[in-house]
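Reading through the structure tokens given below for one structure.
The values are calculated or read from the model by the stated rules, or taken from the named source; none is laboratory data. Note that this is a predicted model, so its numbers are computed, not measured. Cβ atoms come from the backbone with ideal geometry, glycine included; neighbour counts cover every protein chain shown.
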Amino acid sequence: MARTGQPSTRRVAAVERAVALLDALAAGGERGTNDLARATGLSASTVSRVLATLAAGGLVEHVPSTGRYRLGLRLLELGSAALAGTDLREIARPELHELARATGETVTLSAPADGQAVTVDFVQSPASVQSVARLGRPSVVHATATGKVLLAFGAAELPPEPFERFTPRTTTTRAELARAVAHALERGYAEAAGEREDDLNAIAAPVHGRHGELVAILGLQGPASRFDQAAMRAAVPALLERAAALSRALGLPAERPGAASAAPGLAPR
């Protein structure tokens with residue numbers, strides 16, 4: 001057969017069944033054979049045979065105490081190999097440039113790491129007066145928009161009190177921070193107005209992976225004199241649009257809920 005340089009469009013049914021079972025385990029955790037059969041629409045005997053094959057390859061594990069199955073550690077090795085060949089910054093760069101062009105403000109890309117979100121890339125504002133982003137700078141979860149997104153959509157937990165006060169507007173209690181996190185969950189983005197630096201305002205939105213997990217945070221920041229409440233409100237749709245586009249580029253299916261779509265304006269605090 002002549003080679004065209006394009007992938008084949010023909011599929012292997014057995015592999016499709018294996019992928020369906022892996023997806024079901026990823027979505028539901030530890031599950032039994034009959035439960036997986038109902039979730040995938042496959043017969044229990046087919047599920048049993050495919051699971052045995054996946055278990056032999058280390059892709060799933062059988063739990064003797066419950067008789068159920070869960071994802072195997074081999075997937076961690078494969079995931080690490082896949083990440084090594086995928087540069088988040090390369091995929092996100094067009095979205096960062098588009099958001100900077102649309103808003104005129106500095107755009108940041110942060111990645112969750114050890115309970116923090118660390119800046120891994122940014123596109124500077126074209127304006128003569130700019131907010132300065134720094135690679136490798138960790139978020140402060142109680143005083144930044146990025147940090148609040150991490151608390152709302154990631155695995156990080158509310159920090160213990162006392163909170164460090166950076167400015168008169170810094171959130172200083174767990175109750176106040178919990179309200180801000182709940183607000184971020186409801187709207188699909190977070191804000192911070194003069195909370196870490198007096199003259200710095202920011203909004204941020206989550207970027208989701210294939211299964212809805214938080215994989216990055218897209219932020220938009222600017223000097224308070226220009227990026228005020230009205231400007232922040234006006235920039236929200238563009239931020240959410242670019243975060244959703246990046247989520248899709250990273251594998252989030254269009255039909256699954258991910259980064260929020262348009263949201264109402266910023267509520268007064």
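Taking helices (runs of 4 or more DSSP H) that do not extend beyond the stretch 28-107, which have at least 1 residues that are touching an Asp or Glu at 6+ places or on another chain (Cβ under 7 Å), modelled with pLDDT of 90 or more and under 30 Å from residue 124 (Cβ atoms)?
Correct list: 88-103.
So which strands (runs of 3 or more DSSP E) are wholly in the stretch 190-269 and hold at least 3 residues that are modelled with pLDDT of 90 or more and in contact with a Ser or Thr (Cβ under 7 Å, 6 or more places away or on another chain)?
200-208, 214-223
All but one of (1) assigned to a helix (DSSP H, G or I); (2) touching a helix residue (DSSP H, G or I) at 6+ places or on another chain (Cβ under 6 Å); (3) β-branched (Val, Ile, Thr) hold for residue 146; state the number of the condition that does not hold.
The single condition residue 146 does not satisfy is (2).
Yes or no, residue by residue, for (1) touching a residue at least 24 places away in the same chain (Cβ under 8 Å); (2) hydrophobic (A, V, I, L, M, F, W, C); (3) under 25 Å from residue 209 (Cβ atoms):
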residue: 122; (1), (2), (3): yes, yes, yes
residue: 139; (1), (2), (3): yes, no, yes
residue: 155; (1), (2), (3): yes, yes, yes
residue: 158; (1), (2), (3): no, yes, yes
residue: 164; (1), (2), (3): yes, no, no
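Taking residue 193 as the residue in question, decide whether it is closer than 29 Å to residue 94 by Cβ and touching a strand residue (DSSP E or B) at 6+ places or on another chain (Cβ under 6 Å).
yes
Could you please give the count of residues in the stretch 93-118 that are surrounded by fewer than 19 Cβ atoms within 10 Å (Cβ to Cβ), farther than 18 Å from residue 213 by Cβ and not small (Gly, Ala, Ser)?
Total satisfying the criteria: 5.
Which is touching a residue at least 60 places away in the same chain (Cβ under 8 Å) and under 22 Å from residue 247 (Cβ atoms), of 22, 88?
Being touching a residue at least 60 places away in the same chain (Cβ under 8 Å) and under 22 Å from residue 247 (Cβ atoms) holds for just one of 22, 88, which is 88.
Would you please name the residue that is surrounded by the fewest Cβ atoms within 10 Å (Cβ to Cβ), looking only at residues in the stretch 156-173 that are closer than 20 Å to residue 205 by Cα and in contact with a Gly (Cβ under 8 Å, 6 or more places away or on another chain)?
Per the stated criteria, the residue is 157.
Mind checking which residues of the stretch 135-155 are among the hydrophobic types (A, V, I, L, M, F, W, C) and buried (at least 23 other Cβ atoms within 10 Å of the Cβ)?
Passing the criteria: 141, 143, 145, 149, 150, 151, 153.
Tell me, yes or no, whether the stretch 148-155 has at least one residue that is within 11 Å of the chain's Cα centre (by Cα), among the charged types (D, E, K, R) and under 28 Å from residue 244 (Cα atoms).
no
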